[in-house]
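One structure is given below, encoded as structure tokens.
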Amino acid sequence: MPAKSARRFWLFKSEPEVFSIDDLARAPQQTTFWDGVRNYQARNTLRDDVQVGDGVLFYHSNAEPLAVVGTARVVRAGYPDHTAWDPKSEHPDPGSTPENPVWYMVDIALETRFESPVERVTLARTKGLEKMVLLQRGSRLSIQPVTPEQWRTVLKLAGVKELR
DNA sequence: GCCAACGTTGGC
DNA sequence: GCCAACGTTGGC
């Protein structure tokens, strides 16, 4: 039996025009499946690394302002993204089937919606966040690892008390 | 297996 | 709207 692994932290990007933190707040049980990831590196993270209980920074990309707008908690670990074999979905992929799923997703539940979003420009000038994947030049990864220190720093910037 | 062309992401 | 960075595709 493997030892219970420590809680990990992630950053999920979403374009608010497509799915915003307000959409998550309005969803049943404030929970959603995180579908539509069509990048292999991000897929591997969702399939292999993201575990129930992990913390998620919810980031608005292609938006004004660019910002971390809240946190969510993983409530279901990686499982096949069934929207891939739905031709009517936003991200169909005929290469993925129920028998041989290619793409994966997780379920997340809203934890905290920041009263004031932590803007990207703030992150960029905050000491200790230099190594954030988000801030690396050319970074396009939509599912990114966040260190415990980075997690704490962002929550502090948001004025949120430490979450368990 | 290489790599040029092309498409997408996403900040600016 | 621009375009740099990156991922994918497909000819060879």
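The values are calculated or read from the model by the stated rules, or taken from the named source; none is laboratory data. In this text the structure is predicted, and so the values were computed from the model without any measurement. Backbone-built Cβ (ideal geometry, glycine too); neighbour counts: all protein chains shown.
Just so you know, in the stretch A:55-72 the residues that are of a type outside the set (Asp, Glu) and more than 12 Å from the chain's Cα centre (by Cα) include one that is farthest from DNA strand C (Cβ to nearest atom), and it is A:Ala67. When A:Ser116 is tested against (1) under 19 Å from the mean Cα position of the chain (by Cα); (2) modelled with pLDDT under 95; (3) within 16 Å of DNA strand B (Cβ to nearest atom), exactly one condition is not met: (3). Inspect all residues belonging to the stretch A:73-92 and state whether any of them is part of a loop (DSSP other than H, G, I, E, B), under 23 Å from A:Gly138 (Cα atoms) and either more than 14 Å from DNA strand C (Cβ to nearest atom) or touching a residue at least 12 places away in the same chain (Cβ under 8 Å) (or both). Checked against the condition, which is being part of a loop (DSSP other than H, G, I, E, B), under 23 Å from A:Gly138 (Cα atoms) and either more than 14 Å from DNA strand C (Cβ to nearest atom) or touching a residue at least 12 places away in the same chain (Cβ under 8 Å) (or both), the stretch A:73-92 yields no hits at all.
Residues satisfying the criterion are present in the stretch A:99-120 (criterion: closer than 18 Å to A:Val160 by Cβ and not in a strand (DSSP E or B)).
Take the conditions (1) without any contact (Cβ under 8 Å) to a residue 60 or more places away in the chain; (2) within 16 Å of DNA strand C (Cβ to nearest atom); (3) outside any loop (DSSP other than H, G, I, E, B); A:Lys156 misses just one of them, which is (2). Picking from residues in the stretch A:7-63 that are part of a helix (DSSP H, G or I), in contact (Cβ under 8 Å) with a residue 60 or more places away in the chain and closer than 20 Å to A:Pro80 by Cβ, the one that is nearest to DNA strand B (Cβ to nearest atom) is A:Ala42.
Look at the stretch A:110-135: where a residue is closer than 16 Å to A:Leu57 by Cα and in contact (Cβ under 8 Å) with a residue 40 or more places away in the chain and a partner is loosely packed, with under 12 Cβ neighbours inside 10 Å and of a type outside the set (S, T, N, Q), sitting 6+ places away or on another chain with Cβ atoms under 8 Å, you get A:Leu110/A:Ala25; A:Arg113/A:Ala25; A:Phe114/A:Gly159; A:Glu115/A:Gly159; A:Ser116/A:Gly159.
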